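**Q** Structure provided below as structure tokens; questions to follow.
Here, each number is a calculation from the coordinates, and none is a lab measurement. Everything quoted here is computed from the prediction, not taken from an experiment. Every residue, glycine among them, receives a Cβ derived from its backbone with ideal geometry; neighbour counts consider all protein chains shown.
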Amino acid sequence: MRIVIAPDKFKGSLTAAEVCEAIARGVATVNDAVAVVAVPMADGGEGTLDAAVEGGFTAHAVPVSGPLGDPVIAHIGVREDEAVVEMALASGLALVPEARRDALAASSQGTGECILAALDLGARRISLAIGGSASTDGGAGMLQALGARFTRADGTPLAPGGGPLTELARVDLSGLDPRLADTAFVVANDVSHELLGEHGAAAVFGPQKGASPADVATLEAGLETLVSRLDEVLPGSARFAAAPGAGAAGGVGYAALAVLTAEQRPGTDVVIALTGLDQAIPQAELVITGEGSLDHQSLAGKTPVGVARAAAAHRLPVIAVCGRTTLSETEWREAGFSACYAVADYAPDAAASMRDAAEYLERIGSEIARTHLATPRPH
């Protein structure tokens, strides 16, 4: 029998790879004849690069400008002519200490520098994982790094960040790296927000990045200006501001759609393809997936549900393993799981559940093997 173990990380406790290892150890204690294929997963946000590297990509260190211009060593993944750029590693909010957060000045420049590095390494297919950004600059910083020029009325270069976009007078795309025209971009994105308005990038996500109400108004005005100026040189591009997902990552979704002609796909679907999970599932008889908290947010397209959907296409049973769940049995069964195991049901308290998650996952792996896998190991 062959099983696939394809979980996301248990945030604050174990990496996705460590979750795989713990469950596999438990399975082996009961039935060591089971062939286990471990595929650490992510949902297209944080951890996407790690999942890609586990799936065969090579990590490359890239020195870039961080969200506020400080030097940062980001990493990208490359495999032949394909690359993975995880925005959070170059332009992420987690890179900025809370006391230094500046929603008006934060830029997506480092993400563009990662794309350039990928092009230099021969990539012509680039997957952009755009969750966790610090910026609300409509992707202007990313485009500047790729060769676009953004200037004020007096011809001087625009300062980085979403705030200065209110001064944007002219966009010049003639200097964009010519290799972009021959490069296919896929954006891993589960955010449906458009760029502008009360449900847009500034209003919804700006406060999470340290924006005051006045800052939100400035950022909104800047994004409106960006759309207008870009449409002057790229006629028709303004329509992308209203596209679902344009507001993702402070508007990087908009820039990717309008300028990079990117295709948007659900994050988990992108990672499934990057890791080769789509090829592993048809060879299996059982799939185990999960994440730290299996809750109502999970139902909106997080890793476990995405994996369950992929397995359902091959009529395979899927078991969910999690740190805790707030879903009822009816809810998790309707989501496609034939069983659900939570570490919290084994641990005496929340602290032990986090601290000793690997130990409890090993026990859960043993329980799954006894209950769901044939031919127990003799003792």
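**Q** Look at the range 1-19 and say how many of its residues are surrounded by fewer than 21 Cβ atoms within 10 Å (Cβ to Cβ) and under 16 Å from the mean Cα position of the chain (by Cα).
**A** Residues meeting the conditions: 2.
**Q** So which strands (runs of 3 or more DSSP E) are wholly in the range 50-92 and hold at least 2 residues that are charged (D, E, K, R) and in contact with a strand residue (DSSP E or B) (Cβ under 6 Å, 6 or more places away or on another chain)?
**A** It comes to 82-86.
**Q** May I ask you to list the residues in the range 110-143 that are under 15 Å from Leu176 (Cβ atoms) and in contact with an Asp or Glu (Cβ under 8 Å, 6 or more places away or on another chain)?
**A** Across the range 110-143, the qualifying residues are Leu116, Leu119, Ile126.
**Q** Taking only pairs six or more apart or across chains, which ones have beta-carbon atoms under 6 Å, a first residue in the range 52-69 that is at positive phi, and a second residue that is small (Gly, Ala, Ser) and crowded, with 21+ Cβ neighbours inside 10 Å?
**A** The qualifying pairs do not exist here.
**Q** Here's another thing I want to ask about it. Restricting to the range 197-207, what's the tally of residues that are outside any helix (DSSP H, G or I) and within 17 Å of Ser133 (Cβ to Cβ)?
**A** Number satisfying all stated conditions: 2.
**Q** Select from the range 142-174 the residues that are assigned to a helix (DSSP H, G or I) and of a type in the set (S, T, N, Q) and write down the one among them that is surrounded by the most Cβ atoms within 10 Å (Cβ to Cβ).
**A** Top of the filtered list is Gln144.
**Q** Closer than 24 Å to Ala42 by Cα and part of a loop (DSSP other than H, G, I, E, B): does that describe Ser192?
**A** Criteria met by Ser192.
**Q** Right, something else. Determine the pairs where a residue that is within 21 Å of Gly210 (Cβ to Cβ), located within the range 73-99, has a partner that is among the hydroxyl-bearing types (Ser, Thr, Tyr) and surrounded by 16 or more Cβ atoms within 10 Å (Cβ to Cβ) with Cβ atoms under 6 Å apart, the partner being 6 or more residues away or on another chain.
**A** From the range 73-99, the pairs are Met87/Thr111; Met87/Ser133; Ala90/Thr111; Ser91/Ser108; Ser91/Thr111; Ser91/Ser133; Ser91/Ser135.
**Q** Could I ask something else about it? How many residues does the range 1-18 hold that are farther than 13 Å from Ile319 by Cβ and of a type in the set (A, V, I, L, M, F, W, C)?
**A** Matching residues across the range 1-18 total 5.
**Q** Would you point out which residue out of Ala241, Ala258 is surrounded by 19 or more Cβ atoms within 10 Å (Cβ to Cβ) and in contact (Cβ under 8 Å) with a residue 40 or more places away in the chain?
**A** Sole residue among the options that is surrounded by 19 or more Cβ atoms within 10 Å (Cβ to Cβ) and in contact (Cβ under 8 Å) with a residue 40 or more places away in the chain: Ala241.
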